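All remarks here apply to the structure that follows.
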Amino acid sequence: MRLLTLRTAAGTNAVVERDGVRFVVRDAAGRAFRDVGDLLRSGADWRARAERASEAAATDASVVRPILVPGAVVCVGLNFRKHVLEMGRALPDAPTLFSKLARALTDPEADIALPAASSRVDYEGEVGVVIGRGGRDIDAADAWDAVAGLTLVNDVSMRDFQKRSLQFFAGKTWERATPAGPAVVTLDALGGPDGFAAREIVTRVNGAERQRAPMSDLIFDVPTLVADLSRIVTLEPGDLIATGTPGGVGDAMKPPCYLASGDVVEIEFAGIGRLVNRFVRAG
């Protein structure tokens, strides 16, 4: 199943896409869901609601991020082996976690402003886990049951601000700088856990490949991350977990290669799609 949030002149609504055709998802009273997060929060039968959808969506609509305002955005640092090594660090014994504010998120195909305050803006292609059922103290063996699906995230990082202290927050949560989407795709549509692990995430800058790795290269896989986070806090429908980035970031190149005005970053994952954004210098 493939879920998206569309924006029209009348507002936003969640849709399900089947064979390239999009259908509006409504509740029992006929109300359209504001976004995919709204659908997931409607109850355990959210999937049945999407399967029943039969009203064609408007064609003059743009795709926005699937979850407009997640209750939580949790990111995992240093979670691909190659990336950890390129950054000169030891492999971690536990997940490296940090958070973003929901206002840091932006949409697929949105232009992203390069802030005047930072001269070291970098890309990080990542797979995002969208929580469906959620819960507390979830066992890793049951973790996939708590997940609604997978999406893409560009964990855009202002490296100069990230490195000014031991905490990542200052370099990671710039307003409207973290695009997510374009869709939330259920695990079965990606071949189940084994099919997902075998698929690769690829990042390109201006068409040149910078990152490529299978999800099997994760140090802490999705079930481990869901179980670990649920020990700390209750995971709720629509929460977003960014699972980490592979090797190949601009900061690790010699010399470093940061994003410049006009650069286009494309993140691709077979079955989820492409997350494409252009970076522009304000003014």
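The values are calculated or read from the model by the stated rules, or taken from the named source; none is laboratory data. Quick caveat, the model's predicted, so the values are computed rather than measured. Don't worry about glycine lacking a Cβ; one is built from the backbone with ideal geometry, like all the others, and counts go over all protein chains shown.
Being at pLDDT below 95 and either surrounded by 24 or more Cβ atoms within 10 Å (Cβ to Cβ) or more than 16 Å from Ala252 (Cα to Cα) (or both) is the requirement here; does Gly125 meet it? In short, no. Applying a threshold of 9 Å to beta carbon distances and a minimum spacing of six or more residues, or different chains, the list of pairs starting in region 119-144 at a residue that is part of a loop (DSSP other than H, G, I, E, B) and ending at one that is surrounded by fewer than 16 Cβ atoms within 10 Å (Cβ to Cβ) and aliphatic (A, V, I, L, M) reads Gly132/Ala44; Arg133/Ala44; Arg136/Val233. Answer yes or no as to whether Val185 is within 18 Å of the chain's Cα centre (by Cα) and crowded, with 22+ Cβ neighbours inside 10 Å. Yes; evaluated as a whole, the condition is true for this residue. Is it true that Gly247 is assigned to a loop (DSSP other than H, G, I, E, B), modelled with pLDDT under 95 and within 12 Å of Arg210 (Cβ to Cβ)? Yes; evaluated as a whole, the condition is true for this residue. If you check Val63 against the conditions, is it buried (at least 22 other Cβ atoms within 10 Å of the Cβ) and under 30 Å from Gly262 (Cβ atoms)? It is false that Val63 is buried (at least 22 other Cβ atoms within 10 Å of the Cβ) and under 30 Å from Gly262 (Cβ atoms).
Among the candidates Arg7, Arg34, Arg49, the residue that is more than 25 Å from Phe98 (Cβ to Cβ), assigned to a helix (DSSP H, G or I) and either at pLDDT 95 or above or in the same structural domain as Thr106 (by TED's automatic domain parsing) (or both) is uniquely Arg49. Listed by first and then second residue, the pairs linking a residue in region 1-27 that is small (Gly, Ala, Ser) to a residue that is in a strand (DSSP E or B), with Cβ atoms under 9 Å apart and 6 or more places separating them unless they lie on different chains, are Gly11/Ala32; Ala14/Leu3; Ala14/Leu4; Ala14/Thr5; Ala14/Leu6; Ala14/Val24; Ala14/Ala32. Considering region 103-112, and only residues there that are surrounded by 16 or more Cβ atoms within 10 Å (Cβ to Cβ) and within 15 Å of the chain's Cα centre (by Cα), the residue that is farthest from Val63 (Cα to Cα) turns out to be Ala104.
Within region 191-212, being within 27 Å of Asp145 (Cβ to Cβ) and surrounded by fewer than 21 Cβ atoms within 10 Å (Cβ to Cβ) holds for Gly191, Gly192, Pro193, Asp194, Gly195, Ala197, Ala198, Arg199, Glu200. Residue count for region 193-212 under the criterion of being under 25 Å from Pro70 (Cβ atoms) and either free of Cβ contacts under 8 Å to residues at least 60 places away in the same chain or not basic (Lys, Arg) (or both): the result is 7. Cβ-Cβ contacts under 7 Å between residues 6 or more apart (or on different chains), taken from a first residue in region 105-116 that is closer than 14 Å to Ala183 by Cα to a second residue that is among the hydroxyl-bearing types (Ser, Thr, Tyr) and buried (at least 22 other Cβ atoms within 10 Å of the Cβ), are listed as Thr106/Thr178.
The criterion of being of a type in the set (A, V, I, L, M, F, W, C), in contact with an Asp or Glu (Cβ under 9 Å, 6 or more places away or on another chain) and modelled with pLDDT of 95 or more holds for Ala213.
Hey, among the residues in region 28-49 that are hydrophobic (A, V, I, L, M, F, W, C) and free of Cβ contacts under 8 Å to residues at least 60 places away in the same chain, which one's surrounded by the fewest Cβ atoms within 10 Å (Cβ to Cβ)?
Ala29
Scanning region 183-217 for residues that are of a type in the set (Asp, Glu) and part of a helix (DSSP H, G or I) yields Asp188, Asp194, Asp217. Taken over region 250-262, residues that are under 15 Å from Gly125 (Cα atoms) and either in a strand (DSSP E or B) or of a type outside the set (Phe, Trp, Tyr) (or both) amount to 4.
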